[in-house]
Amino acid sequence: MNVIYAIDLIGTFAFAISGALVASKKDFDLFGVIIIAFVTAVGGGMLRDILINAHPINWIGDLNYIWVILSAVVFTFLFKSKIAPLSKTMFLFDTIGIGVFTILGVQKGLNFDLHPFVALTMGMVSAVFGGVIRDVLTNQVPLIFHKEIYASACLLGGLAYLVSSQFIHLEWIPFIIGASTVIIMRSIAVKYQLQLPKIKEDLFGKNK
Amino acid sequence: MNVIYAIDLIGTFAFAISGALVASKKDFDLFGVIIIAFVTAVGGGMLRDILINAHPINWIGDLNYIWVILSAVVFTFLFKSKIAPLSKTMFLFDTIGIGVFTILGVQKGLNFDLHPFVALTMGMVSAVFGGVIRDVLTNQVPLIFHKEIYASACLLGGLAYLVSSQFIHLEWIPFIIGASTVIIMRSIAVKYQLQLPKIKEDLFGKNK
Amino acid sequence: MNVIYAIDLIGTFAFAISGALVASKKDFDLFGVIIIAFVTAVGGGMLRDILINAHPINWIGDLNYIWVILSAVVFTFLFKSKIAPLSKTMFLFDTIGIGVFTILGVQKGLNFDLHPFVALTMGMVSAVFGGVIRDVLTNQVPLIFHKEIYASACLLGGLAYLVSSQFIHLEWIPFIIGASTVIIMRSIAVKYQLQLPKIKEDLFGKNK
């Protein structure tokens, strides 16, 4: 499990950098940048823990998250102009983070005796709602509601985890199956610019 | 109480459709539509349960809410162009839902030993804050803060419930008195376009 | 401690007025004004209590907050055109409120056995996030993320409290040291229009 914890922190680092970049584009000051980096990185897990009554919530129970986020802000401050060229690395970290966050969220839900379907939702909340809170606090329509197959990748990966863990009792194999599903799905979706359908027409007529 | 539970689910269905319609107007994809339908329908009760520490919170403790919401999204997908002409039916369902949500919220507050005044607030939160969360997530100023006597109807109906239950000990009569007050008040307010006053002038002078 | 409780309520009154003024500028109706006054005044403490699982949360456990907020809204309704000329008094109340909210938040965190660093964060959340929720609900980018050294003053004051309480065992002296630090820092920052740095350049190059 130490590998998973390490990946969790790397994902947190990547999420925090993406938050810091969004905030600095919005002309936020250092405090604003830290807060946005913070909610982007731990907001999803925080919301999950509040919803399922898991106290102490993620960053209150483990200070390492705070240190990682502060390091990510310093890193962004120092290397801002160099991060864009690194964007493939960033995308990789970010996507691995999403995969791991999703399955950790599903596991936490199951540990709290939630129905598997609700646990699946918690995996998605963990991976996705940090970005939603970031967008609300920067006064934007959340990206994830109109672009990118991102949450769907989380739901499918979580489902792959749930199904495979019925048959495979070595804990780490379903974990890898689930997280890989998220990572592969997201990479394919971004590469081929896949999008979910929108409700523009219905079965019986077009809307203007 | 089965009738009330049925009305609760019908109200949830109507709220979810109204959320799905708002989200599809905003060009959200299927995932975004589901999330907005979801928070519109159960966001108020979810916030209430978090505030009063009632775990498991509404939709985590009863999966029927999720099924009803998903059905409402499918319904919207199939019949979008037909829903506008149905708007009187929608308004009816929506308004009945608000009435029932309000009184159920007040009752839940009282069951958690809250002061009646706080329980009243919880009735209003249950009925109204789903729409507030919907508006925040779609990046709009919450409708309810500047239009329609809606929350006031909830507060008055909740008050009618509280007062009448002091005198009438058959549970369902105060329930009907309270819910009807909400429904009638809201219908009158919408029909005659009543609005609450705004703070534009004060007793001593006008502001520009 | 009665003096502190009185200052807490005065700060709540000042925060509620500032919320009511923002809401009335946005053309909200009476209900909207009350809600915005409410979240501005108790939103920070409410978020803190949800994060650290301190139930009943602030305004549910002590109805005085609600009465103070409703009085503040009535006051704003009556004297709106007179409040602007009073703005020095308002600033004074507001700033004293921030100082007291911060230290009360830190103390509450420590009473819940949080790590001092997390308790410090809770002090900042208590003082600052009411304004953040106000700005989100009025569809604005939170002021505090791009203007004014405000949260930094809270963090420094909280730190002064934590450090001084290591050496001074009379409870009220570190309280005054901490709260005064917040008040003095904020006054200086506003007077000299100090701002935190923004991430525009980095060590290695400029960004456009």
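The table below gives the values:
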| quantity | calculated |
| --- | --- |
| Within the range C:112-169, considering residues that are more than 9 Å from chain A (Cβ to nearest Cβ) and hydroxyl-bearing (Ser, Thr, Tyr), the one nearest to the chain's Cα centre (by Cα) | C:SER126 |
| Of all residues making up the range B:154-188, the number that are outside any helix (DSSP H, G or I) and among the charged types (D, E, K, R) | 1 |
| Failed item in (1) farther than 14 Å from C:LEU104 by Cα; (2) at pLDDT 80 or above, with C:ALA160 passing the rest | (1) |
| Given (1) over 12 Å from B:GLY11 (Cα atoms); (2) modelled with pLDDT under 95, number of the condition B:ALA119 does not satisfy | (2) |
| Count - residues of the range B:74-97 that are in a helix (DSSP H, G or I), more than 9 Å from every other protein chain (Cβ to nearest Cβ) and free of Cβ contacts under 8 Å to residues at least 40 places away in the same chain | 5 |
| The range C:134-191, residues that are of a type in the set (Val, Ile, Thr) and in contact (Cβ under 8 Å) with a residue 24 or more places away in the chain | C:THR138, C:ILE149, C:THR181, C:VAL182, C:ILE183, C:VAL190 |
| Residue under evaluation A:TYR150, criteria (1) among the hydroxyl-bearing types (Ser, Thr, Tyr); (2) surrounded by 21 or more Cβ atoms within 10 Å (Cβ to Cβ); (3) over 20 Å from A:LEU21 (Cα atoms), criterion not met | (3) |
| Residue identified as at the interface with chain A (Cβ under 9 Å from one of its Cβ atoms) and of a type in the set (A, V, I, L, M) among B:ILE69, B:ILE4, B:ILE35 | B:ILE35 |
| Hits in the range C:135-153 (condition: assigned to a helix (DSSP H, G or I) and in contact with a strand residue (DSSP E or B) (Cβ under 8 Å, 6 or more places away or on another chain)) | C:PHE145 |
| The lone exception for A:SER71 - which of (1) in contact (Cβ under 8 Å) with a residue 24 or more places away in the chain; (2) farther than 30 Å from C:TYR150 by Cα it fails | (2) |
| Any chance C:VAL22 is facing chain B (nearest Cβ under 9 Å) and either touching a residue at least 12 places away in the same chain (Cβ under 8 Å) or surrounded by 24 or more Cβ atoms within 10 Å (Cβ to Cβ) (or both) | no |
| Count - residues of the range B:49-63 that are modelled with pLDDT of 95 or more, more than 9 Å from chain A (Cβ to nearest Cβ) and part of a helix (DSSP H, G or I) | 2 |
| Selected residue [under 23 Å from B:TRP172 (Cβ atoms) and touching a Phe, Trp or Tyr at 6+ places or on another chain (Cβ under 6 Å)] from B:ILE103, B:ILE96 | B:ILE103 |
| C:ASP27 being farther than 21 Å from B:MET124 by Cβ and either of a type in the set (D, E, K, R) or away from chain B (no Cβ under 12 Å) (or both) | yes |
| Options B:VAL132, B:VAL106, B:VAL128, B:VAL100; residue that is modelled with pLDDT of 95 or more and in a helix (DSSP H, G or I) | B:VAL106 |
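The values are calculated or read from the model by the stated rules, or taken from the named source; none is laboratory data. None of these values were measured; they are calculated from a predicted model. All Cβ positions, even for glycine, are placed from backbone atoms using ideal geometry, and neighbour counts span all protein chains on display.
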